[in-house]
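Trainee: One structure coming up, written as structure tokens, with questions to follow.
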Amino acid sequence: VVTVQQPAMATYARQMLEALDWPTDQDANEESEYYHLIDLEKVAAMGQSCGGAQVLGVAHDPRIKTCMIFNSGIGEMSMSGASKKSLANLHPPMLYINGGTADVAYNNANGDWGRIADCIPVVKISTLDGHHGTYYEAHAGAFAVVARMWMNWQLKGQVGDSALFMNDEYEKAFYPQWTFERKNW
């Protein structure tokens, strides 16, 4: 019996931008079936844990219109193409959602919160769900609802969905165990 060692799967922040290059190129290519059919004004970058750090590493790209950082933050680390210096290059509205004090990335998210420039709109939500959030629940649970509402608001202009992020009474009614913070709105 021969055992073959599978290589570890690794992803890199630059792959997010490479993936965005393809639709950008297709939209500009007159010979593409997607020529002028892709709305490049509605691009979000999102990542969970190490993927959230990768988002911070590419969030400077002007094609990205909003970012969602799930159970992640850079804090004092350098990882996945990001460091605390990356926070100076942010431009789009940002959403951080973390699993509260049980989340290994909780302190990193809080560190980022303090370093994000006063011109960047940001919402930070802390839950009681730990590092894996609600992903193990049916349809990814409340984290998926939050992601959908954020994208509806930020990319589709559905202002009603902003209530989850901007209205204290709405937040308390639907997510009384969660802590919401916002700045620069």
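Trainee: I'd like the distance between the alpha-carbon centres of the range 114-168 and the range 27-75, rounded to an integer number of Å.
Mentor: Taking the Cα centre of the range 27-75 as reference, the centre of the range 114-168 is 16 Å away.
Trainee: Would you kindly derive the ³J(HN,Hα) couplings of the range 60-65 from the backbone phi angles with the Karplus curve 6.51 cos²θ - 1.76 cosθ + 1.60 (θ = phi - 60°), listing them in order in whole Hz, with x for Gly and Pro?
Mentor: Per residue, the Karplus-derived 3J(HN,Hα) values read 6, 5, x, 6, 7, 9 Hz.
Trainee: Still on this structure, please answer the following. Given a 1.4 angstrom probe, I'd like the percentage of the accessible area of the chain that is carbon and sulfur, rounded to a whole number.
Mentor: Its accessible area is 54 percent carbon and sulfur atoms.
Trainee: Averaged per residue, what accessible surface does the chain expose to a 1.4 Å probe, in Å²?
Mentor: The answer is 55 Å² per residue.
Trainee: Determine, for each peptide in 80-86, 40-46, the mean count of other beta carbons within 10 angstrom over its residues, then list the peptides with the highest first.
Mentor: Per-residue mean Cβ counts within 10 Å order the peptides as 80-86, 40-46.
Trainee: Once every DSSP H run of n ≥ 4 in the chain is given -39500 (n - 2.57) and the sum is divided by its residues, what mean residue ellipticity at 222 nm do you get, rounded to the nearest 500 deg cm²/dmol?
Mentor: Estimated from H runs of four or more residues: -10000 deg cm²/dmol.
Trainee: Further question on the same structure: In whole Hz, with x marking every Gly and Pro, tabulate ³J(HN,Hα) for the range 74-89 from phi via Karplus 6.51 cos²θ - 1.76 cosθ + 1.60, θ = phi - 60°.
Mentor: 8, x, 9, 8, 10, 6, 6, x, 10, 8, 4, 5, 4, 5, 6, 9
Trainee: Let me ask another. Counting only residues 5 or more places away or on other chains, whose amide H sits under 5 Å from the amide H of Y96 once H atoms are built in the peptide plane?
Mentor: For Y96, the qualifying residues are I69, V123, K124, I125.
Trainee: For the peptides 109-116, 54-61, what is the packing order when you average, over each peptide's residues, the other Cβ atoms within 10 Å and list the highest mean first?
Mentor: With the highest mean Cβ count within 10 Å placed first, the list reads 54-61, 109-116.
Trainee: Here's a follow-up. On full extension of the chain, what length is gained from H36 through T179, given 0.36 nm per residue of separation minus the C-alpha to C-alpha distance?
Mentor: Result: 47.3 nm gained on full extension.
Trainee: How long are the three semi-axes of the equivalent ellipsoid of the chain, in whole Å, if each is the root of 5 times an eigenvalue of the C-alpha gyration tensor, listed from largest down?
Mentor: In descending order the semi-axes read 27, 23, 18 Å.
Trainee: Please list, in order along the range 104-117, the HN-Hα scalar couplings obtained from phi with the Karplus expression 6.51 cos²θ - 1.76 cosθ + 1.60 (θ = phi - 60°), rounded to whole Hz, x for Gly and Pro.
Mentor: Each residue of the range 104-117 in turn: 4, 9, 4, 5, 5, 4, 5, x, 4, 3, x, 9, 5, 4 Hz.
Trainee: How big is the dipole moment of the range 28-185 about its Cα centre under a simple scheme where the beta carbon of each Lys and Arg is +1, that of each Asp and Glu is -1, and everything else is neutral? Debye, nearest 20, please.
Mentor: So the dipole magnitude of the range 28-185 works out to roughly 360 debye.
Trainee: Can you tell me what share of the DSSP beta bridges in the chain is antiparallel? A percent to the nearest 5 is fine.
Mentor: Expressed as a percentage, antiparallel bridges in the chain total about 30.
Trainee: Shifting gears a bit: Go through S32, C50, F180 and say which Cα lies farthest out towards the positive end of the charge dipole of the chain; charges sit on Cβ, +1 for Lys and Arg, -1 for Asp and Glu.
Mentor: My answer, from the dipole projection, is F180.
Trainee: Could you rank the peptides 151-158, 29-36, 176-183, 96-103 by their average count of other C-beta atoms within 10 Å per residue, with the highest value first?
Mentor: In decreasing order of mean packing, 151-158, 29-36, 176-183, 96-103 become 96-103, 151-158, 176-183, 29-36.
The values are calculated or read from the model by the stated rules, or taken from the named source; none is laboratory data. All values reported here derive from a predicted model rather than from experimental measurement. Neighbour counts run over all protein chains shown; Cβ positions are idealised from the backbone, glycine included. Remember, those area values only see protein heavy atoms, side chains included, never the ligands or the DNA or RNA. Shrake-Rupley method; radii C 1.70, N 1.55, O 1.52, S 1.80 Å.
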